[in-house]
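One structure is given below, encoded as structure tokens.
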């Protein structure tokens, strides 16, 4: 049965993508997942789109703008702490 | 990986200098990590007061700088401080709310135990009994490849908006995992989530963001079709 790969429904597969990508899937389930992918172009595209989405999300960290100067409030807090000595 | 390791050891060096009272090291740490703390504060739903929450977190960092034991990366430790400061602030604001309802372990409130939230709308699947039950009713369409800088920027904006509209537990998890690149273990520690809940929240968040990008492209494709006809 599992050689067909399609005993796993597409609807089930989309719920397993994060487990698959984070590597927490047991080997037997992983084989079933990959067998399905071999047979199903839609699920291959779906998985690719999840990867693209994760990549795009990671881009949000690259702040295009340089950080603003450190707030005066924080520098004051730092200096006060230094004058008061470490508690 | 090499860069992340180098960054982490730079953080440790800066942190050691901060302990010795080096103001430049403090400034460097704030410049490096303030945007992360602001993003996390926003993800907690503190949109209007995110900058303020981040500042409060830095003041708390100064207060307990000697308590950092180096068991986690500096970045993870900073995220934990932000969460604690935000939680304390929320308690102060909501004194009338019973204390127990502010606990971090109420998984009902963070949406992870709600099972009625499929990654893909069920209408997309063949639901009739037969050999194709549960398989895609129509093929999943291709996305344009983000090869041009303009398209990548466009897609990134869609992703950013989609993340901003997520419920805050999902938003916090996707921000820490996929934006800040923290490990699952670190995210569980910072947000006090079980590994299973963390994964469910991440999966829901990613699935919704993917759906938003797909929606954006299907609009663009149908508009282009209209224009050309």
How far is helix A:10-21 tilted off the main Cα axis of chain A, in degrees rounded to 10, range 0 to 90? 40
Within 10 Å of each Cβ of B:203-209, how many other protein chain Cβ atoms are there on average? 5
Summing -39500 (n - 2.57) over every DSSP H run of at least 4 in chain A, dividing by its residue total and rounding to the nearest 500, the 222 nm mean residue ellipticity is -21000 deg cm²/dmol
Roughly what angle does helix A:41-58 make with the longest principal axis of chain A, taking Cα atoms, 0 to 90 degrees, to the nearest 10? 0
Highest average packing first - B:74-82, B:187-195, Cβ atoms within 10 Å: B:74-82, B:187-195
Taking a ≥ b ≥ c as the square roots of the Cα gyration tensor eigenvalues, with a/c under 1.5 meaning rounded and otherwise prolate when a/b beats b/c or oblate if not, region B:122-228 comes out oblate
Mean separation of Cα pairs under 8 Å and 6+ residues apart, divided by the residue count of region B:122-228: what relative contact order is that in percent? 22
Where a ≥ b ≥ c are root eigenvalues of the Cα gyration tensor, a/c under 1.5 meaning rounded, otherwise prolate if a/b exceeds b/c and oblate otherwise, region B:132-195 counts as oblate
Taking Cα atoms only, helix A:72-84 is inclined relative to the longest principal axis of chain A by an angle, in degrees rounded to 10, of 60
Averaged over residues of B:131-143, the number of beta carbons from other chains lying within 10 Å of each residue's Cβ is 5
Give me the inter-chain shielding for A:8-19: mean count of other chain Cβ atoms within 10 Å, whole number please. 6
Where in region B:1-39 does the amide nitrogen come within less than 16 Å of the point 7 Å from the Cα of residue A:61, taken along Cα to Cβ? B:1-12, B:32-39
What FRET efficiency comes out for residue A:72 versus residue B:192 if R0 is 45 angstrom and r is the Cβ-Cβ distance? Round to the nearest 0.05. 0.85
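Rounded, prolate or oblate for chain A? Axes are the square roots of the Cα gyration tensor eigenvalues, ordered a ≥ b ≥ c, and the cut-off for rounded is a/c under 1.5.
prolate
Every read-out reported here was derived from the displayed coordinates using simple, explicitly stated rules and does not represent laboratory data. Note that the structure is predicted; figures quoted are calculated from it, not measured. Glycine also receives a Cβ, built like all others from the backbone with ideal geometry; neighbour counts cover every protein chain displayed.
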